[in-house]
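The values are calculated or read from the model by the stated rules, or taken from the named source; none is laboratory data. Just so we're clear, the structure is a prediction, and the values are computed from it rather than from any experiment. Every residue, glycine as well, gets a Cβ built from its backbone with ideal geometry; the counts of neighbours run over all protein chains shown.
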Amino acid sequence: MSPLDIELVSVSKSYGGNPVVHDINLQIPRGEFVSLLGPSGCGKTTTLNMIAGFNAPTHGDIRIRGSSQRNVPPERRNIGLVFQNYALFPHMTVAQNVGFGLKMRGASRSDIDAGIASALRSVHLLGFQARYPRELSGGQQQRVALARAIAPRPSVLLLDEPLSNLDLKLREAMRSELKEVQEELGMTFVYVTHDQEEAMAMSDRIVVMWKGEIAQQGDPASLYAQPSTSFVAEFIGKSNILPVAVAGRVGSHSILTVADSPLVLKAQEADERRGVRFCSIRPEAIRLLGRSEDPIDGLNRIEGTIRRRVNLGAHQELHVATPGGIALKVLLRSTSDGTADIGDGVVLGVEAGDVKMLSE
Ligand SMILES: Nc1ncnc2c1ncn2[C@@H]1O[C@H](COP(=O)(O)OP(=O)(O)OP(=O)(O)O)[C@@H](O)[C@H]1O
Ligand SMILES: [Mg+2]
């Protein structure tokens, strides 16, 4: 693993005795793109502000490149910041905005100019030096804010919902640009968002926060494939969460009974843990089976009726009700053959390996 850039050691924060961050332990290696992802109020900004040095932990310690940051003010942490309200200085040109940090540090004129050009090149805005912020689109302003933050070459960049003021298309375009800049400069990014798609698209690692704690962390693919709780399963992507109990085993499968329903599901035994309370099935892991398809070991067959159908363009989302009153969301590619309409009876197929057991 690369050397650690940032370390949070048992960090807690309370406001007036009210705990908002509890005992967070986090290690961020140099050059990693880490997202703090979670719903509003879960403590993301508070955590970021503690790393930046704008507020001090109530307990615990923050280390940057191995050194405790107790009593180290924000300006001495070699950290860059990009926030949601990326307020550029309106009376300064793009070049003056981007060069601001370098100038404050007393860099020479030629170093400032070289730094401005290099930062603007990274965000694809070379040639915009003489413009004023009011002469730029929202996305361009946001890129200038990014250039301003990276120009002094901080080792770490903290970003708090930097794209939330942009429209969807621009947000998606900016995701790739941010990721490119991060990779090109080899900088450590700590990125706060409540948008799981954004976090999935850019991060090497996602730290899912809930109620001031880390609910789970991991690379996007394994978080998606192996959520450890129903909160994570629902927050990262969509999921069908069913309350279940383990009723036994058959062969290499665990048998799950679904609460208040005659539905019985096979799940992969390897996933079994003590205290299974829920299972999660991704909507795209469910397919429509032909009536005559032979039963296969390890494939769950679930009968139901289509109650709703939502056209999402490339996909169709079906809401299927089972006779036992369980509602399942099913995601089908619009081009997949087999049309199904509201009121139709269908047989759904789910591989046992796609029934993930959850302890809470
Ligand atoms: N200065 C403060 N004084 C008192 N309570 C605060 C203060 N700052 C934040 N809080 C509380 O701490 C909790 C966490 O806030 P924080 O801003 O870290 O959430 P967040 O995860 O960034 O949410 P959002 O996605 O809405 O930005 C919230 O309940 C908030 O009301
Ligand atoms: Mg916030």
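Anything in the range 51-68 that is in contact with a helix residue (DSSP H, G or I) (Cβ under 9 Å, 6 or more places away or on another chain) and either more than 19 Å from residue 14 (Cβ to Cβ) or surrounded by fewer than 16 Cβ atoms within 10 Å (Cβ to Cβ) (or both)? List them, or say none.
Residues satisfying the conditions are 54, 55, 56, 64.
Among the residues in the range 256-263, are any assigned by TED's automatic domain parsing to the domain that holds residue 345, in contact with an Asp or Glu (Cβ under 7 Å, 6 or more places away or on another chain) and part of a strand (DSSP E or B)?
no
Name the residue that is surrounded by the fewest Cβ atoms within 10 Å (Cβ to Cβ), counting only residues in the range 189-215 that are touching an Asp or Glu at 6+ places or on another chain (Cβ under 7 Å) and closer than 18 Å to residue 163 by Cα.
In this case the residue turns out to be 193.
Which one of these is in a strand (DSSP E or B), under 26 Å from the mean Cα position of the chain (by Cα) and closer than 30 Å to residue 336 by Cα: 317, 303, 284?
Every option except 317 fails the conditions.
Can you name the residue in the range 225-247 that is out of contact with any Ser or Thr (no Cβ under 7 Å at 6 or more places or on another chain) and assigned to a helix (DSSP H, G or I) and is also surrounded by the most Cβ atoms within 10 Å (Cβ to Cβ) among such residues?
Per the criteria, the residue is 232.
Name the residues in the range 167-198 that are more than 17 Å from residue 51 (Cβ to Cβ) and aliphatic (A, V, I, L, M), would you?
Passing the criteria: 168, 170, 173, 174, 178, 181, 185.
Pick from the range 175-188 the residues that are touching a residue at least 60 places away in the same chain (Cβ under 8 Å) and within 17 Å of residue 120 (Cβ to Cβ): which of them is surrounded by the fewest Cβ atoms within 10 Å (Cβ to Cβ)?
184
List pairs: first residue in the range 141-160 and over 17 Å from residue 104 (Cβ atoms) and touching a residue at least 12 places away in the same chain (Cβ under 8 Å), second residue among the charged types (D, E, K, R) and within 16 Å of ligand 1 (Cβ to nearest atom) anywhere in the structure, Cβ distance under 8 angstrom, at least six positions apart or on different chains.
That search, which allows pairs on different chains as well, returns 160/44.
Looking only at residues in the range 287-300 that are hydrophobic (A, V, I, L, M, F, W, C) and surrounded by 15 or more Cβ atoms within 10 Å (Cβ to Cβ), which one is nearest to residue 343 (Cα to Cα)?
In this case the residue turns out to be 288.
Among the residues of the range 89-103, which ones are loosely packed, with under 12 Cβ neighbours inside 10 Å and either β-branched (Val, Ile, Thr) or modelled with pLDDT under 95 (or both)?
Residue satisfying the conditions is 90 alone.
For the range 22-30, does any single residue satisfy the condition of being among the acidic types (Asp, Glu), on the phi > 0 side of the Ramachandran plot, surrounded by fewer than 21 Cβ atoms within 10 Å (Cβ to Cβ) and in the same structural domain as residue 193 (by TED's automatic domain parsing)? Talk me through it step by step, then tell me what you get.
Of all residues in the range 22-30, those among the acidic types (Asp, Glu) come to 23.
When the remaining residues are screened for being on the phi > 0 side of the Ramachandran plot, the result is 23.
Imposing the further condition that a residue be surrounded by fewer than 21 Cβ atoms within 10 Å (Cβ to Cβ) reduces the set to 23.
Applying the additional criterion that residues be in the same structural domain as residue 193 (by TED's automatic domain parsing) yields 23.
Yes, that holds for at least one residue.
Buried (at least 16 other Cβ atoms within 10 Å of the Cβ), more than 16 Å from ligand 2 (Cβ to nearest atom) and either over 19 Å from the mean Cα position of the chain (by Cα) or in contact (Cβ under 8 Å) with a residue 60 or more places away in the chain (or both): which single residue out of 43, 80, 38, 106 fits that description?
Details: 43 fails: more than 16 Å from ligand 2 (Cβ to nearest atom); 38 fails: more than 16 Å from ligand 2 (Cβ to nearest atom); 106 fails: buried (at least 16 other Cβ atoms within 10 Å of the Cβ).
Among 43, 80, 38, 106, only 80 is buried (at least 16 other Cβ atoms within 10 Å of the Cβ), more than 16 Å from ligand 2 (Cβ to nearest atom) and either over 19 Å from the mean Cα position of the chain (by Cα) or in contact (Cβ under 8 Å) with a residue 60 or more places away in the chain (or both).
So the check is Cβ under 9 Å with 6+ separation or different chains; which pairs have a first residue in the range 54-70 that's assigned by TED's automatic domain parsing to the domain that holds residue 27 and a second one that's basic (Lys, Arg) and within 16 Å of ligand 2 (Cβ to nearest atom)?
Listed pairs, sorted by first residue: 55/13; 56/13; 57/13; 58/13; 59/13; 60/13.
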